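Comments concern the structure below.
The values are calculated or read from the model by the stated rules, or taken from the named source; none is laboratory data. This is a predicted model, so every value here is computed, not measured. Because the Cβ atoms are built from the backbone with ideal geometry, glycine has one as well, and the counts that use them run over all protein chains shown.
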Amino acid sequence: MKTSSYNPSPIEVEFANAISNLKDEMEKQLSSNKIDKIENNINADNPLLKVHLTDNDGDQHTLVIKLIQKPDKF
């Protein structure tokens, strides 16, 4: 399937939503952090996820995931 729109592309949006929906499963893989919330900005040119975590010491951390689909190659 050819991508007709890249900002954001449908696959970027679907992938961002899929990652957000995996919060509980991802948290099980983290040895010393709890995922407090995931902010999902799917309206940006490239969807952006902000993952807010709290570690065992009570310190808060933020990870940022930006999804960028490269142009299709045919």
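Summary of values
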{"quantity": "Flag if Lys34 is farther than 21 Å from Thr3 by Cα and of a type in the set (Lys, Arg)", "calculated": "yes"}
{"quantity": "Residue check for Asp36: among the charged types (D, E, K, R), in a loop (DSSP other than H, G, I, E, B) and at pLDDT 95 or above", "calculated": "no"}
{"quantity": "Asn46, sole failed condition from (1) surrounded by 13 or more Cβ atoms within 10 Å (Cβ to Cβ); (2) in a helix (DSSP H, G or I)", "calculated": "(2)"}
{"quantity": "Residue ID - farthest from Glu27 (Cα to Cα), chosen from residues in region 55-70 that are of a type outside the set (S, T, N, Q) and outside any strand (DSSP E or B)", "calculated": "Lys70"}
{"quantity": "Yes/no for Thr54 being farther than 22 Å from Ile68 by Cα and not charged (D, E, K, R)", "calculated": "yes"}
{"quantity": "Subset of region 27-43 that is touching a strand residue (DSSP E or B) at 6+ places or on another chain (Cβ under 7 Å) and more than 13 Å from Leu63 (Cα to Cα) - its residue that is surrounded by the fewest Cβ atoms within 10 Å (Cβ to Cβ)", "calculated": "Ser32"}
